[in-house]
Amino acid sequence: MSAKKSARRPIVLIVLLLLAIGGYVGFKYYRNYFAGNTAKAVNDKTYLYVRTGYTYADVLSELREKDFLKNVDAFDKVAKERGYDDKVRPGRYRIKPGMSNLDIVRMLMGGKQEPVNVTFKSIRVKHDLAGRIGKVLEADSLRLETLLGDEEFWKTNYGLTAENCLVLFLPDTYEMWWNTNAEDFIAKMAMEYKKFWTDERKALAKAAGLSQSEVSILASIVEKESNMSDERPTIAGVYINRLNKGIKLQADPTVVYALGDFTIKRVLSADLQVNSPYNTYKYAGLPPGPICLPSKNAIDAVLNYKKHNYIYFCAKEDFSGYHNFAATYTEHLKNAAKFQKALTARGINR
């Protein structure tokens, strides 16, 4: 072997070693930054919930506990190199199959969370609303329930009372950030309420002689009187007639609300004696607050109430969900007798 070839050998070995080291470093860099690092359990509905106040250590702990990643240590390295450990942002983040550590870190650092669809309906009382929201948002249900009963909060911020504040919450589906707190949830509902009450709706309320809150309170009664959308304006017309004539509303759903037993299907004479401002058999006018969260349909039924001379109505004896209407008490007694007979025949005593 010539001296020249002997001199080249160390150089070649060094070059090969450097290439090997470079290849290893490059592979490791690629694996840490760009290779997919999600575990097999991850699917299109896998979410990482970063709660308000979480530290970076909390995020790592969550990732390990949920088993979202194949290599949490690799993620840790990339996250620290990118500075995420000092920039934790709360939210609901979707971890997609095949995401790399860099993908995940960029998403978390950018606060690129996915919104939540918040749906609520058929809500009767504040406790139920708070519980429902607490299940889908980070908002603390106890904090929300406390705010719903805070007289000063409603008076100062929204010009409402703790008794009628539920008029602000219109049943629907709303898109929100998961980390919305109780105060921001209420603010969001106030914004949606304001959007719903257009100038046209305000004019209709004024023409009916009702405030916006009064419309919603009456709508809550109409809501519980009938599930039939086409009949609700007629029922609303009955109550408007009663209000205008100074006749007590005598609405069975308000008695049920006053009793607090929502399983009642047949209101008895003894029930009518319950001493509550919500008992419209005992107290004239509208109750102080809604007896449920009225739907937009029920609110519009009140705003567009049907004008007629009916003062009474009673559920039809065929249990179709519709009602018999009457302009005189004598006629109403006949309708009521038919319905009571049908209840008894079906064995519905309560």
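Throughout, read-outs are computed from the coordinates displayed, never taken from laboratory work. Predicted model only: the values in this text are computed from it and were never measured. Note: ideal-geometry Cβ built from the backbone for every residue, glycine included; neighbour counts use all protein chains shown.
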Next item on the list: Sum up the charges of everything whose Cβ sits under 12 Å from the Cβ of residue 47, counting Lys and Arg as +1 and Asp and Glu as -1, but leave residue 47 out.
Entry: +2
Check: If you work out P(r) over Cα pairs in 20 Å bins from 0, in percent from the coordinates, which of (1) 30, 61, 9, 0; (2) 28, 54, 18, 1; (3) 24, 36, 23, 11, 4, 2, 0 do you get?
Finding: (3)
Notebook entry, point to check: In degrees, nearest 10, range 0 to 90: what is the angle between the Cα axis of helix 126-136 and the longest Cα principal axis of the chain?
Noted result: 20 degrees
Check: What number, in nm² with one decimal, is the all-direction average of the projected area of the convex hull of the alpha-carbon atoms of region 199-345?
Finding: 8.4 nm²
Checklist line | Descending Cα extents along the principal axes, region 200-253, whole Å | finding: 27, 25, 17
Checklist line | Derived scalar couplings ³J(HN,Hα) [region 152-165; Karplus, 6.51 cos²θ - 1.76 cosθ + 1.60; whole Hz; x for Gly, Pro] | finding: 5, 4, 6, 5, 6, 9, 9, x, 10, 10, 5, 7, 10, 4
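Counting other beta carbons within 10 Å of each Cβ, put 318, 184 in order, fewest first.
Working: 318 10, 184 14.
Lowest count first: 318, 184.
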Checklist line | Estimated translational D of region 242-310 in µm²/s (Stokes, Kirkwood radius over Cα pairs; 20 °C; 1.002 mPa s) | finding: 162 µm²/s
Check: With respect to the cross-link table entries 121/307; 206/282; 45/135; 155/188; 296/341; 206/334, which display a Cα-Cα separation exceeding 24 Å?
Finding: 121/307; 206/282; 296/341; 206/334
Checklist line | Cα Rg over Rh - region 140-203, Kirkwood | finding: 0.98
Check: Which residue fluctuates the most in the chain, going by a Gaussian network model with Cα springs under 10 Å, if the choices are 331, 81, 231?
Finding: 81
Next item on the list: Would you mind working out the magnitude of the charge dipole of the chain relative to its Cα centre, with +1 at each Lys and Arg C-beta and -1 at each Asp and Glu C-beta, to the nearest 20 Debye?
Entry: 1440 debye
Next item on the list: Give the Debye-formula value of log10 I(q)/I(0) at each listed q (0.19, 0.20, 0.22 Å⁻¹), with one equal scatterer per alpha carbon of region 79-197, two decimals each.
Entry: -0.97, -1.04, -1.20
Notebook entry, point to check: Tilt of helix 232-245 relative to the longest C-alpha principal axis of the chain, in degrees (0 to 90, nearest 10)?
Noted result: 50 degrees
Checklist line | For the chain, built as a Gaussian network whose Cα springs stay under 10 Å, the top-fluctuating residue of 138, 62, 225 | finding: 62
Next item on the list: For region 32-114, count the residues as N, evaluate 2.2 N^0.38 Å, and divide the Cα radius of gyration by that value, please.
Entry: 0.95
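Once you list every other residue whose beta carbon is under 14 Å from the beta carbon of residue 308, what net charge do they have if Lys and Arg are +1 and Asp and Glu are -1?
+3
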Item checked: Gaussian network model of the chain, Cα within-10 Å springs - most flexible of 111, 159, 134 -> 159
Notebook entry, point to check: Percentage of Cα-Cα pair distances in region 140-274 greater than 21 Å, rounded to whole percent?
Noted result: 54 percent
